[in-house]
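Undergrad: If you scroll down you'll find the structure; I have some questions about it.
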Amino acid sequence: MAKKVVLAYTGGLETSICIHWLRYQKNLRVATFSANLGQGEYLEPVGERALEIGAEAAHVGDLRKRFVTDYVWPAVRAGAVYESGYLLANALTRPLIATELVKIALEDGAEYIAHGCTGKGNDQHRFEASVSALAPHIEILAPLQEWSFKSKEEEIAYAEKHNIRPLKVKKGVYSVDVCLWGRGVAAGPLEDPTIAPPEDAFEWTTSPANAPDAPREIEIGFEEGTPVALDGQPTAAIDIIDELNKVGGSHGVGRIDLMEDRIMGIKAREVYEAPAATLIYQAHRALEDLTMSKEMLLYREGASRAYAKLVYDGMWFSALRDSLDAFFSVSQKFVTGKIRLRLFKGTSTIVARESEFSLYDRNLARRGVGQAFGGAAAKGYFNIWNISRKMEADQRKRHLYRRADR
Ligand code: ARG
């Protein structure tokens, strides 16, 4: 009896070939899994196409809600930003997809899980790491690293020869990966970091130059660090993101152009469109600024970096992530309130913040009037507060005289 493999299937050229290749070159029984992560494609035909190409079972799942609740919101609470601004959309999807692949593999008694990732990218690490953590006995197959096709043309020739009809045919020169949290674009002209991204790289965002001449304000409400409302209306998670992608995108907000260090150490130029993520991160940060002590804000910084790196590197299923989630769920206890942003020609600006747990006290902050601490108290305070400055001044003096003595 042939062994079984569960393949992550997108409907694109390469994973379509993967079905055929696993079935007929590797003699495996193939089951596929395709996820709806808000990439805006209709999923039914993906399953049908998988069966047509040679899969014996085709699973599809709408993972959007779990994606937002269990992956995106924790990353928001953690303020996880990779390097100079990658908001991790694509990186967050892979561990979730892996949970489904593993679930199907365990139910079907499959020995293998397969993915269509290329050999230089990050996603192979994320599948490898996630599957290894969840089901260490399952072996991972990466057809793209094994098969002999050396170019897209050879792949197309194979597909034509075997009557494999991919559901999605890639248009244009870009490599694109989309989910509701963001759209990642690479390759083609973007490989030259000395030129600006051509306008046709963007689909979710209007060029700031063509954005409306009138600004638009929008208010995001948070409950313990999690977005829960838009303009005062309690709103479902997916709807918050869809709406902010629409509104932000129409004002040209959320274009991100980065040099990014991939896991293997290769630098890559990556372009993202992530209007909702941009606005939510900005608002969340502003609410933290209002409700967190300066010690918490500073400490949090390092934990946020660590969180972003572990997500990027594929270590979602790890004791470190569990531990950091515990930290961030406590740190977010007072991050409740609302933040108003103004969107205008590619920019978003915080214009108002409000929280029942604000640490801001207008009377304390006010200048001049009140002279809050009184003359004698202020003098005593500075006598003590200045000790370390005076010690350092004396230290510099001793150092200077010692050099002069020699
Ligand atoms: N660099 C991103 C990451 O590692 C993914 C980029 C999106 N993919 C693409 N084909 N442009 O998560």
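Undergrad: Quick one: compute the contact order of the chain, relative version, from alpha carbon pairs under 8 angstrom and 6+ residues apart, as a percent. Spell out each step's value before the answer.
TA: Values: 714 pairs, mean separation 72.2, N = 406.
The value is 18 percent.
Undergrad: Tell me the Kirkwood hydrodynamic radius of segment 1-130 in angstroms, computed as one over the mean inverse distance between distinct C-alpha pairs.
TA: Numbers: mean 1/r = 0.0651 Å⁻¹.
Radius from the Kirkwood sum: 15.4 Å.
Undergrad: Within a Cβ distance under 11 Å of residue 148, other residues only, what is the Lys/Arg minus Asp/Glu net charge? Before the final figure, lay out each step's value.
TA: Values: positive: 150; negative: 146, 154, 155.
That sum, taken over residues with Cβ under 11 Å, equals -2.
Undergrad: Arranged from highest to lowest average of other beta-carbon atoms within 10 Å per residue, in what order do the peptides 75-88, 375-388, 284-297, 143-156 appear?
TA: 75-88, 284-297, 143-156, 375-388
Undergrad: I'd like to check one number: the per residue accessible area of the chain, probe 1.4 Å, reported in Å² as a whole number.
TA: With the other protein chains kept in place, the chain gives 52 Å² per residue.
Undergrad: Give me the percent of accessible area attributable to carbon and sulfur for segment 291-406, probe 1.4 angstrom. Walk me through the numbers before you get to the answer.
TA: Numbers: 4950 of 8530 Å².
After summing per-atom areas, the C and S share lands at 58 percent.
Undergrad: Given q = 0.09, 0.14, 0.19, 0.20 Å⁻¹, what are the Debye log10 I(q)/I(0) values for segment 260-406, with equal point scatterers placed on the Cα positions and solvent ignored?
TA: Those come out to -0.57, -0.97, -1.23, -1.29, one per q.
Undergrad: Where Rh denotes the Kirkwood radius from the mean inverse Cα pair distance, what is Rg over Rh for segment 7-57? Walk me through the numbers on the way to the answer.
TA: Numbers: Rg = 10.5 Å, Rh = 10.9 Å.
Rounded to two decimals, Rg over Rh is 0.97.
Undergrad: Rg and Dmax of the chain over Cα atoms: what are they, in angstrom?
TA: 26.1, 91
Undergrad: So, in Å, what gap is there between the alpha-carbon centers of segment 42-66 and segment 350-406?
TA: For segment 42-66 versus segment 350-406, the Cα centre distance is 63 Å.
Undergrad: Hey, can you grab everything whose amide H is under 5 Å from the amide H of residue 114? Only 5+ residues off in sequence or another chain; H modelled, so Pro and N-termini drop out.
TA: The list, which skips near neighbours in sequence, is 6, 7, 8, 141.
Undergrad: Continuing with this model, one more query. Restricted to Cα positions, what overall size does segment 322-390 have along the principal axes? Three whole-Å values, descending.
TA: Extents along the principal axes: 47, 38, 26 Å.
Undergrad: I'd like the carbon and sulfur percentage of the solvent accessible area for segment 24-87, probe radius 1.4 Å, heavy atoms only, ligands and nucleic acids excluded. Intermediate values should be presented prior to the final figure.
TA: Working: 1190 of 2740 Å².
C and S fraction of accessible area: 44 percent.
Undergrad: Next question, about the same structure. Leaving out ligands, DNA and RNA, and with a 1.4 Å probe, what % of the accessible surface on segment 98-161 is carbon or sulfur? Write down the numbers at each step before the final one.
TA: Working: 1590 of 3150 Å².
Carbon and sulfur together cover 50 percent of it.
Undergrad: What Rg and what Dmax come out for segment 107-241 when only alpha-carbon atoms are used, in angstroms?
TA: Cα radius of gyration and Dmax of segment 107-241 are 21.1, 59 Å respectively.
Undergrad: Next question, about the same structure. Grab the Cα-Cα distance for residue 320 and residue 299, subtract it from 0.36 nm times how many residues apart they are, and report the gain in nm with one decimal.
TA: Numbers: separation 21, 0.36 × 21 = 7.56 nm, distance 1.63 nm.
Between residue 320 and residue 299, full extension yields an extra 5.9 nm.
Undergrad: While we're here: Let's test this: bin the Cα-Cα distances of segment 64-146 at 5 Å from zero up to the farthest pair and state each bin's percent.
TA: Computed distribution, short to long bins: 3, 14, 23, 21, 19, 12, 7, 2, 0.
Undergrad: Please state the Cα pair-distance histogram of segment 176-265 with 10 angstrom bins from zero: what percent is in each bin?
TA: 13, 37, 31, 16, 2
Undergrad: Between the alpha-carbon centers of segment 276-329 and segment 1-34, tell me the distance in whole angstrom.
TA: That distance is 37 Å.
Undergrad: Residue 279: net charge of surrounding residues, Cβ under 12 Å, Lys/Arg +1, Asp/Glu -1, itself excluded?
TA: Working: positive: 216, 246, 285, 340, 342; negative: 217, 219, 243.
With Lys, Arg at +1 and Asp, Glu at -1, the net is +2.
Undergrad: Can you run phi through the Karplus equation (6.51, -1.76, 1.60; θ = phi - 60°) for segment 91-97 and list ³J(HN,Hα) in whole Hz, with x for Gly and Pro?
TA: Values per residue, Gly and Pro as x: 5, 6, 6, 5, x, 5, 4 Hz.
Undergrad: Once both axes come from the Cα atoms, what is the angle between helix 44-53 and the longest principal axis of the chain, in degrees from 0 to 90, rounded to 10?
TA: Once rounded, the angle reads 40 degrees.
The values are calculated or read from the model by the stated rules, or taken from the named source; none is laboratory data. Keep in mind that this is a model prediction, so the values were computed, not measured. Cβ: placed from backbone, ideal geometry, glycine included. Neighbour counts: every protein chain shown. With ligands, DNA and RNA removed, areas are computed over all heavy atoms of the protein, side chains included. Shrake-Rupley method; radii C 1.70, N 1.55, O 1.52, S 1.80 Å.
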